[in-house]
1. Assigning unit charges at the beta carbon (Lys, Arg +1; Asp, Glu -1) and nothing else, what dipole magnitude in debye, to the nearest 20, does the chain show about its Cα centre?
2. Tell me what the chain gives for mean residue ellipticity at 222 nm when only DSSP H runs of n ≥ 4 count, each as -39,500 (n - 2.57), the sum divided by the residue total, rounded to 500 deg cm²/dmol.
3. Based only on other Cβ atoms within 10 Å, what is the fewest-to-most ordering of 3, 96, 148?
4. Where Lys and Arg each count +1 and Asp and Glu each count -1, what net charge lies around residue 63 among other residues with Cβ under 15 Å from its Cβ?
5. Sequence-distant or interchain residues sharing an amide H contact under 5 Å with residue 89, placed H: which?
6. When the Karplus curve 6.51 cos²θ - 1.76 cosθ + 1.60 is applied with θ = phi - 60°, which whole-Hz ³J(HN,Hα) does each residue of region 170-178 get, with x for Gly and Pro?
7. Just to check I understand the Karplus step: with θ = phi - 60° and J = 6.51 cos²θ - 1.76 cosθ + 1.60, what whole-Hz values come out for region 179-186, glycine and proline as x?
8. Between residue 94 and residue 17, what is 0.36 nm times their sequence separation minus the Cα-Cα distance? Round to one decimal in nm.
Amino acid sequence: MMRHPWVCLFGALAVLCLAAAPAANLRVGLHVDRAALSDSGAGTGLEQMERDGFANVTFVALPHPAGTDPVDTSALITALTAEPHVTHSSALDNGRDLTVVAVGDDLPVDNPASAVLVRTIRSLAADSLPARQPVFTGGPAAALVDYRAATDAAVGQVAIIVLAGAFLLMLVMFRSLLLPLKAVAMGPSPGMVDTLR
């Protein structure tokens, strides 16, 4: 075996590459498996909505004091109409204390451009509504944007917990203070940080 180390090395690498091949299809974040849903009612409806340019809906919730008029959303709706991916926008009011603008767009929720559109909608709402008007966004794409922001904010905390756990584990296993300190000093690699996101 040691007479031909290169054969063993390349054989081991080939086995590792074959074992890791399924990881090439892994994705971080949301991915709608359209092939798996194709025969279901949800999949058929999703396909029809995406084909008709109504792939996602983002809701802009505008609370107002009870007994007052609905929030004037005409400037917001006009600004949204100018956005290329927005296919429909309309305002609804519950008659008490909430106005909601429903914004339909042609971007599937798992498309990275949908996050950009959510940020654009939030910016347009802040610019076109009265200064003190509370603005909240909801819907699948908005939830994913906020989830990603919360995840990114927590990466540092997770890295500290992982390093502390690794330090304690190595301290117990190797009964040496030098090896765990060296490992922690090397810190998390960029690949580890990307994995945590």
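Read-outs: derived from the displayed coordinates by stated rules, not from any lab. Here the structure is a predicted model, which means the values were calculated and not measured. We place every Cβ from the backbone using ideal geometry, glycine too, and count neighbours over all the protein chains shown.
1. 1300 debye
2. On the way: 8 runs with 107 residues, N = 197.
Value at 222 nm, helices only: -17500 deg cm²/dmol.
3. Numbers: 3 6, 96 11, 148 15.
Ranking 3, 96, 148 by Cβ neighbours within 10 Å, fewest first, gives 3, 96, 148.
4. In short, -2.
5. So residue 89 has HN proximity to 104.
6. Once θ is set to phi - 60°, the couplings for region 170-178 become 5, 4, 6, 5, 9, 6, 9, 8, 5 Hz.
7. 4, x, 5, 5, 5, 5, 5, 5
8. Numbers: separation 77, 0.36 × 77 = 27.72 nm, distance 5.74 nm.
Here the segment from residue 94 to residue 17 would lengthen by 22.0 nm.
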